[in-house]
Structure formats: structure tokens, C-alpha cells
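K.L.:
Just dropping this structure here.
The values are calculated or read from the model by the stated rules, or taken from the named source; none is laboratory data. Small disclaimer: the values here were computed from a predicted structure and weren't measured. Every residue, glycine as well, gets a Cβ built from its backbone with ideal geometry; the counts of neighbours run over all protein chains shown. What goes into the accessible areas is simple: the full protein's heavy atoms, side chains included, and nothing from ligands, DNA or RNA. Shrake-Rupley method; radii C 1.70, N 1.55, O 1.52, S 1.80 Å.
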Amino acid sequence: MIAYVFPGQGSQVKGMGGDLFEEFGELTAKADKILGYSIRKLCMEDPEEQLGQTNFTQPALYVVNALTYLKKIKQLGKEPDYVAGHSLGEYNALLASGVFDFETGIKLVKKRGELMSQATEGGMAAVIGLSEEKVREVIDKNKLIDLDIANFNAPTQIVVSGPKKSVEQAQSIFEASGAMRYIVLKVSGAFHSRYMEDARKSFEEFMEQFEFLKMKTPVISNVYARPYRQKDLKSTLAIQITNSVKWTESIRYLMGKNVEEIVQVGPGNILTGLVKTIQREAQPLITDDEIEEDMEEEVIEKPVGCVYEEVSAVGREVSASKENKAAGSCCHITPESLGSSEFKSDYGIRYAYLTGAMYKGIASKEMIVSVGKAGMMGFFGTGGLDSAEIEEAIKYIQSELKNGEAYGMNLLHNPNRLDREERLVDMFLKHGVRRVEAAGFMSITPALVKYRLKGLTKDKAGRAEAKNRIIAKISRPEVAEAFLSPAPERIVNKLLLENKITKDEADLARLIPMADDLCAEADSGGHTDHGVAYALVPVIIKLRNNMMSKYCYNKNIRVGAAGGIGTPEAAAAAFVLGADFIMTGSVNQCTFESGTSNEVKDLLQEVNIQDTDYAPAGDMFEIGAKVQVLKRGVFFPARANRLYDLYRQYNSLDEIDSKTKKELEERYFKRSIDEVYEKVKARYSAEEIEKAERNPKHKMAMIFRWYFAYTNLLALNGDQSSRIDYQIHCGPSLGAFNQWVKGTNLESWKNRHVDEIGKMLMTEAAKYLNERFKALA
């Protein structure tokens with residue numbers, strides 16, 4: 001068997017393409033028309049020295065790769081058995097497989113190049129001579145939290161990606177750790193990392209206008225190092241922008257499939273060299289997967305002895321009553337019967353209904369107690385609170401819920417404060433907190449693993465049994481996969497070496513997933529990936545099924561739904577989609593028990609579904625992450641986005657004109673920039689302030705971030721003089737809820753109680769489902 005592999009950025013060279021442009025003159029003309037310039041002139045002459053610029057490099061390489069492939073097929077008259085491409089080259093692999101035509105491919109890579117070229121201030125570096133495990137160890141040990149691994153090019157050639165300054169500063173650390181070479185690459189952005197999230201989202205939206213065709217040849221994905229699946233073509237191609245390129249594993253996969261010849265198709269010989277290195281240094285990857293002829297459905301065979309059932313929320317549950325339900329029949333649905341009976345039994349709750357954490361104690365201790373006493377489960381909002389406030393909340397909740405009622409605490413990821421995560425975990429372990437809601441995580445961290453593994457034992461049947469339960473809120477499949485997998489071995493070994501877990505706990509780690517349950521979060525308030533529940537929930541359920549079969553866990557992992565749930569119809573839709581439980585958020589912020597101010601509640605009770613907008617997230621300001629916030633009656637979204645635009649436009653505050661700075665001081669900050677900086681200095685370490693003094697752009701970011709903390713406090717304190725600056729995280733579900741209860745006594749937030757809302761949503765959802773099933777019968 002033979003595989004063709006296509007190179008990506010870095011393989012471009014002036015003069016590439018040669019006679020191919022004349023030989024395939026019709027295609028070259030089509031490329032010129034779409035691109036708006038001569039592709040031949042760019043590749044052969046590069047008169048404006050643009051070939052090295054991402055937005056020109058990507059179309060150029062795509063065209064030359066494509067024409068080279070057509071020439072080879074023309075000469076040999078035979079297509080390959082497999083195709084793969086490195087980063088940009090993957091588009092040529094998909095072209096070769098027939099997923100789209102030549103012109104569509106140009107449109108895609110043109111847009112991709114444009115979007116990726118907009119991500120400035122990033123950098124990449126190749127680490128030569130260290131294994132993947134060693135590179136991760138260096139990153140963890142030295143707290144290089146700004147860096148992501150972008151490419152696994154070969155067993156000892158790893159590329160890291162991140163802010164330019166961080167990439168440069170890491171050189172001495174990697175070299176001191178044994179790297180033979182550390183080569184800072186000539187790129188403009190932090191490609192294949194979290195910093196490309198805006199590009200990913202925009203590209204995903206752009207792809208919606210295209211229809212992809214059925215694959216003719218297996219295409220090995222950069223993201224998964226396995227063949228693409230037909231139904232996941234667009235989603236996989238989108239997340240390729242932010243995910244690592246698993247080139248080593250991809251070649252090992254081909255080796256495991258007995259591919260005798262792997263041929264580079266395109267300019268240069270970079271991939272040829274990498275393939276030879278991988279073949280020399282790595283073993284073939286032997287897998288059990290079989291590729292179906294239509295490449296659409298993957299048959300999942302459940303391993304012998306694997307305790308696995310697909311859990312459906314409305315009609316099928318893992319319970320003794322399952323056999324008593326006639327196939328296709330519909331029994332009467334009650335609020336208590338909605339969701340997974342196993343889930344409810346495990347957590348000791350009556351309803352498959354959870355309330356999510358809202359930062360700064362908006363999901364208050366009183367809210368958690370009220371929900372717990374009503375037979376549901378709530379999570380206290382720890383984000384932004386100090387240790388004393390969190391500890392006081394734990395003690396209060398435990399003193400009120402004395403009879404085993406369910407509750408949990410939020411564990412919110414902060415990439416800049418991993419130390420805080422561990423201190424919070426230590427507090428949870430000290431006070432016997434057995435349930436946490438893990439939110440905001442993009443990957444598994446040591447603190448999460450420590451919490452999950454402490455107290456891990458074997459039951460009488462020899463199965464691993466965890467004391468500490470994690471419900472992970474996720475909105476992306478790759479993050480869900482991390483939580484569906486066992487704890488990363490490198491982290492387990494590190495914790496064991498540091499005596500933070502026992503040998504028995506480390507040995508049992510591979511037998512359980514990181515999370516007991518997942519909550520697929522769609523269009524929610526606060527941090528959001530713009531997810532749509534109808535797309536997200538089925539994908540996560542399918543992924544859960546595959547991972548259950550892969551690891552043969554002895555216990556089911558349940559999948560719930562969150563985001564956009566503010567009416568009985570929305571709750572019912574979640575259960576019909578297959579959710580084992582639902583979680584609400586925004587609707588609880590506008591209740592008597594909510595920990596926010598009465599002034600905020602007055603605003604929220606007037607919200608309609610169109611009254612939210614997206615603004616930069618204060619905790620991830622520099623990378624442009626977004627939060628969904630209230631826009632009705634406040635200026636915060638517009639002002640926050642203005643600050644981010646200024647940050648992107650200028651390199652320092654000194655570059656901003658005096659009129660704009662005066663506006664910021666008088667309207668935004670209500671004080672001088674110098675006064676803001678004094679407040680900032682009081683909050684940060686001397687090391688961080690020193691960094692700001694050296695880097696004017698970083699100083700500007702710190703000052704702008706202060707505005708986000710300031711506007712949070714204004715809202716929480718109900719400062720009426722600055723009402724227009726309130727930052728209020730909110731999703732459209734609250735608008736839907738307000739419309740639902742309009743004209744009733746619940747129109748006023750003073751009559752809204754979080755436990756009553758939960759019961760009402762579940763009761764009316766059950767009633768609605770009974771009516772709909774009857775109408776459809």
C-alpha cells in the first residue's frame with residue numbers, strides 16, 4: 001500500500017510550481033480569479049516578497065500541492081490507498097479524497113490564511129532532542145502555562161506555540177533541560193494553539209456555505225491521527241486550527257496499517273525527512289479500528305465484560321424497569337422520571353436537575369441549600385472569591401444540609417493561577433467536598449487529577465471506586481474527550497513523585513475516567529463557545545459511547561445539557577436529545593436567593609431573548625476570549641469591545657491619542673489612568689509589575705483588565721451611580737423565562753425562588769412531553 005502526504009507552511013520556496021502552471025493552465029486561471037492575483041507570479045517570482053506571509057503562503061502551497069498531485073496521478077494512473085497532510089497540507093489530502101473540488105479548496109485556504117494572519121503577537125519554536133513527555137514535563141515544572149504544544153512532528157521534534165514573548169523566554173529553560181536546539185520560527189502567530197480560537201470560530205462559520213462530498217480515500221486527521229469520519233468533516237477541519245498536529249502518531253498509524261511507501265507530494269522534502277525519522281525512531285501503531293466502505297458509520301463493538309449501556313433520558317434508562325417498557329410505547333412521564341435514574345440514584349437527588357455555579361457567589365450558599373433541600377443539586381460559585389469566603393460557604397452549606405442532601409462546589413480553571421486551583425482542591429479535600437463542577441478547563445490539570453484520585457480504592461469486586469466526583473462542563477469535543485479519558489499518565493507520575501497521591505491511587509488511575517459525568521454547555525451566559533445544543537449534545541453523547549467502549553469502564557458516564565434552558569419546552573428538548581440531566585444558570589441569577597445585587601435583578605427581570613451581546617472576557621482579555629453579557633440598559637459590551645480594539649490597535653498607552661485617553665478616564669474608569677495603575681499594582685506581584693514596566697503592551701492590558709473587575713464589582717454592589725457600566729453575565733434563556741412567566745406573580749424577581757423554578761420547569765416539561773407524544777401517536 002501507498003500513502004501520499006502533503007506539506008504545509010514552511011515548505012514554500014520561491015520558484016515552486018515550475019511548469020505546472022502552464023500544464024494546468026485552466027486551473028491556474030481559476031486560482032487567479034478567486035485569489036485576485038497571479039498565483040504563478042507569486043510562486044515563481046514573489047516580486048512583493050509576500051510568499052512568506054501566511055495569507056499568501058497558504059493558497060500558494062495549496063495550489064502547488066494540488067497541481068503536483070494531479071501531475072503524479074496523470075503519470076502513474078493510480079490513486080493512493082491513504083492520504084494525509086501536515087496542517088495546511090490536510091486540505092490537499094481532502095481534495096485528493098474528493099471531499100471538495102479545486103476551487104472550493106482555494107476559497108477555504110484563502111479564508112483560513114486570512115484569519116490566521118490576523119492573529120498577531122504570537123510565536124512558535126521547535127524543540128529538538130526532547131521527547132513529548134519531557135517537553136510536557138518542562139512546561140509543567142517551569143509553569144510555562146502560556147505555551148501549548150502545536151506540532152508533534154517527530155518523536156524528538158516538538159513545536160511549541162504561544163505569546164511571542166513567552167516563546168522567546170522559554171528558550172533558555174528548554175536548553176537547560178537538555179534540548180539539543182531551540183529554534184524560534186519565523187511565523188506571525190501562535191498557530192495550532194488556544195490563541196487561534198477566534199480564527200477557528202470565524203472559519204467554522206465560513207465553512208457553513210459549502211457542501212462537502214463523500215470521501216473516496218481515507219484521510220488521516222491531524223487532530224486525531226485517525227481517518228476522518230464523514231459526519232465530522234467540518235468540525236474536525238475547524239478545530240484543526242486550534243489543536244496540535246499529531247504528525248508522529250499519524251505516520252505511526254499508517255505504519256500500523258502496513259503502508260509500505262509514504263510519498264511526499266509537493267515542494268521540498270521536509271515531510272520526507274520527518275517520515276524517515278519517525279520510521280526509524282518509533283514503532284507502528286496497531287489499532288483495532290476498521291474503516292467502513294462508506295466511511296460514514298463506525299461500528300462500535302462492545303468488549304466482552306464491558307458494563308456499558310447507552311442512556312437515553314426520556315424512554316430508556318439503565319434500570320430494572322427497562323425491560324418492562326414495550327418497544328415504541330410511551331408511558332406517562334413525571335418530573336421525577338425525566339433523566340437517568342442511575343444519575344439520580346448516584347447523587348441522591350429526586351430530579352435530574354442541577355443549578356450551575358455563577359462566579360463571586362452569585363450562585364450563593366443560600367441558593368445551594370434551597371436547591372439541595374428540594375431534591376436537586378446546586379454548585380456554589382467560587383470564582384473570584386477568596387479562600388476565607390469559600391471556606392465559610394462550605395461550612396454553612398454542610399451545616400444546613402445535614403441529611404445527605406446533594407451539593408457541590410465550583411472548580412473554575414484559571415490558566416494564570418494554577419496554584420489557586422491546587423489550594424482550592426486541598427480545601428475541598430480537607431472539608432470532605434465530594435462533588436465539584438469543573439468549568440473553563442481546556443485540558444486536564446494536576447489539581448483536577450489530585451482531586452479525582454485522592455481516596456481512590458477497590459471495591460469488593462476489584463473495581464476502582466472513586467470518592468470524589470467531577471461533573472465537567474464542556475462545549476468542545478476535544479475537551480470532552482480529555483475528561484472521558486483516564487488521568488494523563490505524566491500528571492499521575494508527577495503527583496506520585498511529589499507524594500501528593502499514593503502508589504495504589506496511581507495504579508488505579510487508569511481504570512476510571514477523569515469525570516463521572518459531562519454537561520454539554522451551549523448558548524450560556526458568561527464564557528461561551530457559541531455552541532448550539534442541537535449540534536453539541538448528540539456529538540458529545542456519541543463521543544461518550546465511543547469512549548465507554550474504548551476503555552470499558554465499569555460505570556456509565558452520563559451526559560447532561562446546559563445553556564438556553566429557560567422554558568419547559570427547552571428542558572423537554574434537552575431530554576429528547578438524550579440528556580441524562582439538565583443544568584440551568586441565567587434563570588437562577590434573577591431569583592431571591594441569588595447573590596447579586598437587587599439593582600442587577602431589577603434589570604434582569606426586564607430582559608428579552610435579544611438583549612444579550614458578546615464582550616471580551618476579563619480573565620482572558622489578551623487572547624480575545626468572549627463572554628455573553630447583558631446589553632439592555634448598559635454600555636459595558638460596547639465599552640469592553642472598544643478597549644479590546646484599542647489593545648489590538650496600539651502597542652502602548654502612549655500611542656493612544658489624548659482625546660481617547662481622556663474619554664477612557666472620564667467615562668470608563670472614572671479616574672485617571674495613573675490612579676488605575678496604582679490600583680493594579682496593589683493587586684499584582686512585584687514580578688508581574690516588573691514585567692509590565694518592561695512591556696508597555698502588557699501594562700496596557702493590565703490596566704484595561706482592571707475595568708472588567710471594576711464593572712463586576714459595580715454590578716455585584718449595585719452601585720446606582722454607575723449602572724450603565726454593570727458587567728452582567730447572562731444568556732438568552734432568561735429572556736425566554738421572562739416571557740414565559742409574564743403576567744404571573746413570577747414577573748417580579750422578588751417572587752422567584754430557585755427551588756420552585758426548578759420544580760416548575762421539570763413539571764411543565766413532563767406535561768409538555770406527554771402532550772406531544774400523545775399528539776404524535
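K.L.:
Using 10 Å bins from zero, what percent of all Cα-Cα pairs in the range 38-185 falls into each bin?
P.N.:
Reading the bins upward from 0: 10, 31, 27, 23, 7, 0.
K.L.:
For a quick size check, give me the Cα extents of the range 207-261 along its three principal axes, largest first, whole Å.
P.N.:
38, 26, 15
K.L.:
For the chain, find the longest principal axis of its Cα atoms and tell me its angle to the long axis of helix 247-256, 0 to 90°, nearest 10.
P.N.:
80
K.L.:
A further question follows. Got a sec to turn the phi values of the range 148-165 into Karplus ³J(HN,Hα) couplings, 6.51 cos²θ - 1.76 cosθ + 1.60 with θ = phi - 60°, whole Hz, x for Gly and Pro?
P.N.:
10, 8, 8, 9, 9, 6, 7, x, 10, 9, 10, 10, 9, 9, x, x, 3, 4
K.L.:
To continue, here is another question. Please determine, in degrees from 0 to 90 and to the nearest 10, the orientation of helix 270-281 with respect to the longest principal axis defined by the Cα atoms of the chain, where the helix direction is its Cα long axis.
P.N.:
70
K.L.:
Something else now. Under unit Cβ charges (Lys, Arg +1; Asp, Glu -1), what dipole magnitude, rounded to 20 debye, does the range 133-221 have relative to its Cα centre?
P.N.:
Dipole size: approximately 300 debye.
K.L.:
Compute the projected area of the convex hull of the Cα atoms of the range 556-622, averaged over all viewing directions, and report it in nm² to one decimal place.
P.N.:
7.1
K.L.:
Between the helical axis of 533-551 and the dominant principal axis of the chain, each derived from Cα atoms, what acute angle in degrees is found, rounded to the nearest 10?
P.N.:
The helix 533-551 is inclined about 80 degrees to the chain.
K.L.:
Probe radius 1.4 Å, ligands and nucleic acids ignored: give me the carbon and sulfur share of the accessible area of the chain as a rounded percent.
P.N.:
Numbers: 15790 of 33040 Å².
The nonpolar share, carbon plus sulfur, comes to 48 percent.
K.L.:
Report the charge-dipole magnitude of the chain in Debye, nearest 20, computed about the Cα centre from +1 at each Lys and Arg Cβ and -1 at each Asp and Glu Cβ.
P.N.:
840
K.L.:
Using just the alpha carbons, could you tell me how many Å³ per residue the convex hull of the range 658-777 encloses?
P.N.:
214
K.L.:
Contact order normalised by length for the range 180-282, with contacts defined as Cα pairs under 8 Å and 6 or more residues apart; what percent is it? Mind showing how you got there, number by number?
P.N.:
Numbers: 81 pairs, mean separation 27.9, N = 103.
Normalised by residue count, the contact order of the range 180-282 is 27 percent.
K.L.:
Would you work out the relative contact order for the range 467-513, in percent, from Cα pairs under 8 angstrom that are 6 or more residues apart?
P.N.:
This gives 41 percent for the range 467-513.
K.L.:
Return the subset of 78/257; 373/742; 74/111 for which the Cα-Cα distance in this structure is over 21 Å, preserving the input order.
P.N.:
Violating the 21 Å limit, Cα to Cα: 373/742; 74/111.
K.L.:
Do me a favour and compute the ellipsoid semi-axes for the chain from its Cα gyration tensor, root of five times each eigenvalue, largest one first, whole Å.
P.N.:
Equivalent ellipsoid semi-axes, largest first: 43, 33, 27 Å.
K.L.:
Follow-up question, since we're still on this one. Taking the C-alpha atoms of the range 616-668, how large are the radius of gyration and the largest Cα-Cα span, Dmax, in Å?
P.N.:
Here Rg and the maximum Cα pair distance are 11.9, 33 Å.
K.L.:
Might you tell me the accessible area per residue for the range 169-236, computed with a 1.4 Å probe and given in Å²?
P.N.:
48
K.L.:
Another question, if that's okay. Rounded to two decimals, what is the ratio between the C-alpha radius of gyration of the range 715-771 and 2.2 N^0.38 Å?
P.N.:
Here the Cα radius of gyration is 1.46 times the empirical estimate.
K.L.:
When ligands, DNA and RNA are left out and all protein chains stay put, how many square angstrom of accessible area per residue does the range 1-116 have with a 1.4 Å probe? Please list the in-between numbers first.
P.N.:
Working: 4420 Å² over 116 residues.
Ligands and nucleic acids excluded, the figure is 38 Å² per residue.
K.L.:
Also, I was wondering about something else. Over all directions, what mean area does the Cα convex hull of the range 540-659 project, stated in square nanometres?
P.N.:
Mean orientational projected area (the range 540-659, Cα hull): 12.3 nm².
K.L.:
Considering the options 557, 513, 532, tell which one lies farthest towards the positive end of the dipole of the range 471-582, charges being +1 on Lys and Arg and -1 on Asp and Glu at the Cβ, about the Cα centre.
P.N.:
513
K.L.:
Report Rg(Cα)/(2.2 N^0.38 Å) for the range 442-489, keeping two decimals. Each step should come with its number before you reach the end.
P.N.:
Working: Rg = 12.0 Å, N = 48, 2.2 N^0.38 = 9.6 Å.
It is 1.25.
K.L.:
Shifting gears a bit: Give me the accessible area per residue for the range 430-475, probe 1.4 Å, as a whole number in Å².
P.N.:
Counting only protein heavy atoms, the per-residue value for the range 430-475 is 40 Å².
K.L.:
Please list the radius of gyration and Dmax for the range 385-518, considering alpha-carbon atoms only, with Å as the unit.
P.N.:
For the range 385-518, the Cα radius of gyration and maximum Cα-Cα distance read 14.6, 42 Å.
K.L.:
Based on the mean of other beta carbon atoms within 10 Å per residue, what is the order of 368-375, 390-397, most packed first?
P.N.:
Values: 368-375: 22.6, 390-397: 17.8.
Most protected by this proxy first, the peptides run 368-375, 390-397.
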